[in-house]
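Q: Supplied in structure tokens, the structure appears directly below.
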Amino acid sequence: QVQLVESGGGLVQAGGSLRLSCTASGIIFRITAMGWYRQAPGKQRELVASIARFGSTNYADSVKGRFTISRDNAVNTVYLQMNSLKSEDTAVYYCNTLATGALLPWGQGTQVTVSS
């Protein structure tokens with residue numbers, strides 16, 4: 001059964017840090033490019049960071065230099081280290097593959113709230 005489970009969100013002050021985790025099951029994780037997405041209230045879900053199977057990364061301009069995506073294939077987990085958080089980073093964060101036409105069922109996400 002395919003499942004994505006996100007964790008690590010919370011309430012943090014502006015300038016603070018959080019580390020999100022997403023553990024995948026039911027897929028061959030080590031060969032799967034993964035991404036972190038977020039959805040703020042009233043906005044569409046957007047891709048903020050991605051990591052390919054061999055570790056190359058890409059970031060949205062809005063998070064470049066502040067967020068770092070990484071993966072541990074041994075435990076089927078992708079991480080998102082978020083530093084220098086801003087109020088505009090407030091959103092529910094999700095992980096998924098990068099296959100736009102064949103995304104996995106979305107997990108419950110993890111709420112990140114940044115207070116200014």
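The values are calculated or read from the model by the stated rules, or taken from the named source; none is laboratory data. Computed from a predicted model, the values in this text were never measured in an experiment. All Cβ positions, glycine included, derive from the backbone under ideal geometry; neighbour counts span all protein chains shown. Please note that ligands, DNA and RNA were not included when accessible areas were found on the heavy atoms of the full protein model with its side chains. Shrake-Rupley method; radii C 1.70, N 1.55, O 1.52, S 1.80 Å.
Q: Tell me whether region 57-67 contains one or more residues that are among the aromatic types (Phe, Trp, Tyr), surrounded by 12 or more Cβ atoms within 10 Å (Cβ to Cβ) and assigned to a strand (DSSP E or B).
A: yes
Q: Would you confirm whether any residue within region 46-55 is among the hydroxyl-bearing types (Ser, Thr, Tyr) and open to solvent by less than 60 Å² (accessible area, probe 1.4 Å)?
A: yes
Q: From the set of residues in region 81-94 that are in a strand (DSSP E or B) and of a type outside the set (Val, Ile, Thr), which is farthest from LEU20 (Cα to Cα)? Please lay out each step first, then the result.
A: To start, the set of residues in region 81-94 that are in a strand (DSSP E or B) comprises 81-82, 91-94.
Now restrict to residues that are of a type outside the set (Val, Ile, Thr): 81-82, 91, 93-94.
Details: GLN81: 6, MET82: 8, ALA91: 13, TYR93: 8, TYR94: 9 Å.
That would be ALA91.
Q: Taking the conditions exactly as written (in contact with a Gly (Cβ under 7 Å, 6 or more places away or on another chain), surrounded by 14 or more Cβ atoms within 10 Å (Cβ to Cβ), of a type in the set (Gly, Ala, Ser) and not in a loop (DSSP other than H, G, I, E, B)), does SER70 satisfy them or not? Before the answer, list the steps.
A: On the way: in contact with a Gly (Cβ under 7 Å, 6 or more places away or on another chain): no; surrounded by 14 or more Cβ atoms within 10 Å (Cβ to Cβ): yes; of a type in the set (Gly, Ala, Ser): yes; not in a loop (DSSP other than H, G, I, E, B): yes.
Considered against the rule, which asks whether it is in contact with a Gly (Cβ under 7 Å, 6 or more places away or on another chain), surrounded by 14 or more Cβ atoms within 10 Å (Cβ to Cβ), of a type in the set (Gly, Ala, Ser) and not in a loop (DSSP other than H, G, I, E, B), SER70 comes out as no.
Q: Name the one entry in LYS43, LYS86 that is among the charged types (D, E, K, R), out of contact with any Pro (no Cβ under 7 Å at 6 or more places or on another chain) and in contact (Cβ under 8 Å) with a residue 60 or more places away in the chain.
A: LYS86
Q: Now for a separate question. Can you name the residue in region 21-66 that is over 14 Å from the mean Cα position of the chain (by Cα) and aromatic (Phe, Trp, Tyr) and is also nearest to TYR94 (Cα to Cα) among such residues?
A: Top of the filtered list is PHE29.
Q: Right, another one. Filter region 15-52 for residues that are within 19 Å of LYS64 (Cα to Cα) and assigned to a loop (DSSP other than H, G, I, E, B) and give the result.
A: If the condition is that a residue be within 19 Å of LYS64 (Cα to Cα) and assigned to a loop (DSSP other than H, G, I, E, B), then GLY15, GLY16, SER17, ALA33, ALA40, ARG45, ALA52 are the ones that fit.
Q: Can you tell me which condition VAL78 does not meet? The list is (1) in a strand (DSSP E or B); (2) open to solvent by 20 Å² or more (accessible area, probe 1.4 Å), and all the others hold.
A: Among (1) in a strand (DSSP E or B); (2) open to solvent by 20 Å² or more (accessible area, probe 1.4 Å), the lone unmet condition for VAL78 is (2).
Q: Can you find a residue in region 27-41 that is on the phi > 0 side of the Ramachandran plot and not acidic (Asp, Glu)? I'd like the intermediate steps shown before the answer.
A: Of all residues in region 27-41, those on the phi > 0 side of the Ramachandran plot come to none.
No, region 27-41 contains no residue that is on the phi > 0 side of the Ramachandran plot and not acidic (Asp, Glu).
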